[in-house]
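Peer 1: I'd like to ask you about the structure that follows.
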Amino acid sequence: MKKPDLFFHIFSGLPRNTSFRQRLFISFLVIAIPVLAAMAIFSYALTSNSTKQTLIQAQETQVGHLNARLLSVYSNIESISRDIILSSDIQDYMRDAGTNRSYPDDSAVSYTISALMTDRDFIDSIVITGNTYTLFSTTAAYTDKASFNGIREKWWYRDLLLQDRSAVWYSYATLSTQRMKAQQNGEIPDQINTQMLARPIYSVDTPGMRLGYLMIYTDNDYMQNLWRSLDWGSTTNLYLIDRDGNVIDSNRPMRDYSNLISEYGISDQNGFVRYEGSPYLYSCADLGINGWRTVMITPYNELNRPMSNIVIILLILIAALVFIIFLMSNRSSYHMARPIAVLSHIMDSYHGSDTVPDPELVKPYEDRTDEIGDIYRSYAQLQERIQNLIQEIYVKNLEKKDAELALLQSQINPHFLYNTLDSINWLALMHDEEEISNMITALSDTFRLSLMKSNSYFVEMSAEAEYVSSYLMLQKFRYGDKLNYTVTVPPEAEKLYIPRFILQPLVENALKHGISKLPNGGKIDIEISVEENLIILVKNDGSDIDLEKMGDILVYHPSESELLSFKPEGYGVQNIFRRIKVICGEEYGLSYSVERARTVCRITLPIKETDDSSSGSSDEAKQ
């Protein structure tokens, strides 16, 4: 039993005296409000997802812009360092300083360094030292950066002594070993992070001879302005991380989200992550130098403020739409229910053939062309139709009997049909029209076989082959040289019985969907073989067949009710397939395949040497 639907449960709870208008009004609300709610939820989900994707892409763009600027700074500094250590003026200056106790003239060095620092605001200072003392500095000699004693106290100095020819970047380069340990242990607040590139300087003329060291300090204000130039979240964390996961530099955020780096790693990824119950937008990208990566972490609630505004606007729109729907439903239900209510009054006021309706009430319905007008016109015709119904039924019965008599009189006597065709055949032979004679003979054979009377489901293979051969001969006259065919029946199969009329529809399908679509025509081959079963192959030169679609069509089982109805396409093939299944058994049937660019229909049938499907033998129409 079918369960009551939603509307049944809603309306069954209404009082019995609820008017049609009220029910219509409730129907509008029941339909409109869930649809509106679903649209609102869908719009919110779509907008939310779109906003997230936009934010991901926007943060990726921000990271890309930052990377481009950082890469420009670090690449320039490394390039400058190479120019300095290979400069002939600086090489000569350092060799002279190493052999003389007094400082040599540094004017050429000063000119070279000044030229390299021109228009490079990201460089704070450049220091060149020998192995035991400072040789040149763009800052005052007594400062912490230039003083060789101060340099030796730096936390990175021992590591620099162990370096070969490569350049090394150091963070917190102005901190001594003691203050660096204190900062790492949390004993002092985080100090200003000054970055520095340092590298040993070797003699160009004497390989392996270390002349001293080069240190290039970045400008803290420039770097912080670069970090802060991104207009993004108010507490966005920006980190520059080396290949080992150590922080090289950052934007000194108000809130620290660096724990997410250890949680999610420093692989290239972009998306939303959760940490301690809060969502964050996490972006990580390769800087393109030294294996460094830039990480950007922003709390999602700092970026989704536009989404909050969208939600508020969406709620306001929903409330406005609900109010508008309420008003429109009320007015619509009134205008839609009123014609039905008036029509109900007109119909209730009818008390017999003498009742005359009010013309002012009837006139609007006579002019209407919609369903309500149709209802009124049907009602207006009802009285007249009731009066004429008995006579109409009587006349229709007479007409039915006359039609049956005319049908009996119009039936063609088979003897008359055959004699007429035979006369046409002899007339064609008399005029040497052999082609017409062959057509008449094939048509006569087709009629004879199709009009054969029998109570059996089966027919001999030879008779079925003769029938399909006659059909193909007729089609040969139509297609001419575009159609060639063969029908091969081995002697051992001629007397076997197969279901009646299963080949002609399949051959017709082969002509319609295969041969007729080939520009040069093709060939149809019908091959019969006797193996464990009787196998019939209907082959044609067409190969443009949708095997998946044919597989869907050829699905049938009598015990499954959902498979009993016919599909709209391939009715003939379905009919033959099901007939075989029903009268021969579930293990028999037909299938389609494409072999050697030809479509092959394979029919599998049982080997039947006798016809036991009817109580009597087949009776042919007496000629």
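The values are calculated or read from the model by the stated rules, or taken from the named source; none is laboratory data. Bear in mind the structure is a predicted one, so any value in this text is a computation, not a measurement. Cβ placement follows ideal geometry from the backbone for every residue including glycine, while neighbour counts extend to all protein chains displayed. Keep in mind that these areas ignore ligands, DNA and RNA; they rest on the heavy atoms of the full protein, side chains included. Shrake-Rupley method; radii C 1.70, N 1.55, O 1.52, S 1.80 Å.
Peer 1: In whole Hz, what ³J(HN,Hα) sequence does segment 73-89 give by Karplus (6.51, -1.76, 1.60; θ = phi - 60°), x for Gly and Pro?
Peer 2: These are the phi-based 3J(HN,Hα) values: 5, 5, 5, 4, 5, 5, 5, 4, 4, 5, 4, 5, 5, 9, 5, 5, 4 Hz.
Peer 1: Compare LEU315, LEU175 by solvent-accessible area with a 1.4 Å probe and give them largest first, with all protein chains kept in place. The partial results should precede the final answer.
Peer 2: Details: LEU315 110, LEU175 10 Å².
Final ranking, largest accessible area leading: LEU315, LEU175.
Peer 1: How much net charge surrounds TYR93 when only other residues with a Cβ under 10 Å from its Cβ are counted (Lys, Arg +1; Asp, Glu -1)? Show your work: numbers first, answer last.
Peer 2: Working: positive: ARG95; negative: ASP89, ASP92, ASP96, ASP105, ASP106.
Once positives and negatives cancel, what remains is -4.
Peer 1: What does the net charge come to around ILE535 if you take all other residues with beta carbon closer than 12 Å to its beta carbon, with K and R at +1 and D and E at -1? Present the calculation step by step, with values, prior to reporting the outcome.
Peer 2: Details: positive: ARG602; negative: GLU527, GLU531, GLU532.
Net charge in that neighbourhood comes out at -2.
Peer 1: What figure, in Å² to the nearest 10, do you get for the accessible area of ARG331 with a 1.4 Å probe and non-protein molecules left out?
Peer 2: Around 130 Å² of this residue is reachable by solvent.
Peer 1: How charged is the neighbourhood of ASP374? Take every other residue with its Cβ under 13 Å from the Cβ of ASP374, and add Lys/Arg as +1 and Asp/Glu as -1.
Peer 2: Working: positive: ARG368, ARG377; negative: GLU366, ASP367, ASP370, GLU371.
Net charge in that neighbourhood comes out at -2.
Peer 1: At a threshold of 8 angstrom on Cα-Cα distance, excluding pairs fewer than six apart, so keeping six or more, what relative contact order does segment 279-342 reach in percent? Intermediate results must be reported in sequence, preceding the final value.
Peer 2: On the way: 31 pairs, mean separation 13.6, N = 64.
After rounding, I find 21 percent.
Peer 1: From the phi of every residue in segment 237-253, what ³J(HN,Hα) in whole Hz does the Karplus formula 6.51 cos²θ - 1.76 cosθ + 1.60 yield, where θ is phi - 60° and glycine or proline is x?
Peer 2: For segment 237-253, the Karplus-derived couplings read 9, 10, 10, 10, 10, 7, 5, 8, x, 7, 7, 8, 7, 7, 8, 6, x Hz, x marking Gly and Pro.
Peer 1: Okay, moving on. Rounding to the nearest 20 debye, state how big the charge dipole of segment 134-209 is about its Cα centre with +1 on each Lys and Arg Cβ and -1 on each Asp and Glu Cβ.
Peer 2: Values: 8 positive and 7 negative charges, 9 e Å.
My answer is approximately 40 debye.
Peer 1: So what are segment 92-211's ellipsoid semi-axes, whole angstrom, largest first, if each one is the square root of 5 times an eigenvalue of the alpha-carbon gyration tensor? Can you show the working numbers first?
Peer 2: Working: eigenvalues 146, 58, 38 Å².
Over the Cα atoms of segment 92-211, the semi-axes work out to 27, 17, 14 Å.
Peer 1: Another question about this same structure. Answer with one residue from GLY64, TYR74, SER88: the one whose Cα lies farthest towards the positive end of the charge dipole of segment 52-93, charges on Cβ with Lys, Arg +1 and Asp, Glu -1.
Peer 2: GLY64
Peer 1: Considering only Cα-Cα distances, which of the following residue pairs are longer than 28 Å: LYS495/LYS523; LYS539/LYS608; LYS512/LYS581; LYS145/LYS181; LYS539/LYS581; LYS482/LYS581?
Peer 2: LYS482/LYS581
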